[in-house]
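Everything below concerns the one structure shown next.
The values are calculated or read from the model by the stated rules, or taken from the named source; none is laboratory data. Only a predicted model underlies this, so the values are computations on that prediction, with no experimental measurement involved. All Cβ positions, glycine included, derive from the backbone under ideal geometry; neighbour counts span all protein chains shown. Only protein heavy atoms, including side chains, enter the accessible area calculation; ligands, DNA and RNA are left aside. Shrake-Rupley method; radii C 1.70, N 1.55, O 1.52, S 1.80 Å.
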Amino acid sequence: MFKKILIANRGEIAVRVIRACRELGIATVAVHSEPDRESLHVRYADESVCIGPGPSVESYLNIPAIISAAEITGADAVHPGYGFLSENTHFAEVLESCGIHFIGPSKEAIQKMGDKAVAKETVAKYGVPLVPGSDGLIDVDDRKGLEKLVKKIGFPLLVKAKAGGGGKGMRIVRESSLLKDGIVAAQNEAKAAFGNGDVYIERYIEGPRHIEVQILADQHGNVVSFPERDCSVQRRHQKVVEISPAPNLDPALREQMCAHAVAFARAIGYVNAGTVEFLLSPDGRYVFIEMNPRIQ
């Protein structure tokens, strides 16, 4: 059992983690930017450390500052929450080198599933259909390569950040004249939110159901799935309403999707909470979108 946990996040998720730690009798450390000094998670934690000014890249994405905060407070573990550094392989590696436990999946699992492009390559080995898209990351300056890719995939397109989440780093592009601007906008947003501006492209599917399967895995190879969530009601690619279990979902299809989610997690040796996401078409076919290697 950990004695003290630093929460490398803010807001609602930080408060949830602090509350859970209190119930377990574990001391907590909140980190915060200068504008967040009076935030609820700061007042709720046992200790707090300021890690920088307002911009996230100078505070909540500032790995050296977070490591320093953990060391000076004697925290033996760090919980990343979601967003920010929760899917950052380098962050997990640095914590490990400093002898601080990362409360999350292994760095290998983050690399495989936190990188959306690598995740698609991984799950393709299990025969699950994928959304048509680029084989990997794209280069906005490779005009010929992009033209060839667009011709193969077709419009509309969705530009997505490889380290994205929460609807950030995503842009819908409906015609070729807007492609470069869409890519640059997605890159800039992803860089600001996650410290990584790499993006890839896939076909944008109009009007599907968005189904998520939450899984939980331990260090002994045990993996279980929980009732799926229907997250189809969204605004700006962010979920507005989640319904669980998903209404009017065929029981056989539900069982198949959950089985695939568990198989993915077990195959890569996943440990921690995670979410496997699918798009479901009206004819009952589904395609893999991504796996979020973090609590959600």
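Odds and ends about this structure:
- Residue among G169, G165 that is under 21 Å from the mean Cα position of the chain (by Cα), open to solvent by less than 40 Å² (accessible area, probe 1.4 Å), under 27 Å from P55 (Cα atoms) and modelled with pLDDT under 80: G165
- Search result, residues across region 92-115 that are buried (at least 21 other Cβ atoms within 10 Å of the Cβ), under 14 Å from the mean Cα position of the chain (by Cα) and of a type outside the set (G, A, S): P105, I110, K112, M113, D115
- L61 among the hydrophobic types (A, V, I, L, M, F, W, C) and modelled with pLDDT of 85 or more: yes
- Breaking point among (1) of a type outside the set (S, T, Y); (2) open to solvent by 40 Å² or more (accessible area, probe 1.4 Å); (3) assigned to a helix (DSSP H, G or I), for A119: (2)
- Residue check for S232: surrounded by 17 or more Cβ atoms within 10 Å (Cβ to Cβ) and on the phi < 0 side of the Ramachandran plot: yes
- Yes/no for A163 being under 30 Å from E12 (Cα atoms), part of a loop (DSSP other than H, G, I, E, B) and touching a residue at least 60 places away in the same chain (Cβ under 8 Å): no
- Residue ID - surrounded by the fewest Cβ atoms within 10 Å (Cβ to Cβ), chosen from residues in region 199-229 that are of a type in the set (A, V, I, L, M) and over 30 Å from V184 (Cα atoms): V224
- Neighbours by Cβ (under 8 Å, 6+ apart or cross-chain): first from region 181-197, modelled with pLDDT under 85; second acidic (D, E): F194/E87
- Scanning region 240-296 for residues that are among the acidic types (D, E), within 18 Å of the chain's Cα centre (by Cα) and open to solvent by 20 Å² or more (accessible area, probe 1.4 Å) gives E242, E290.
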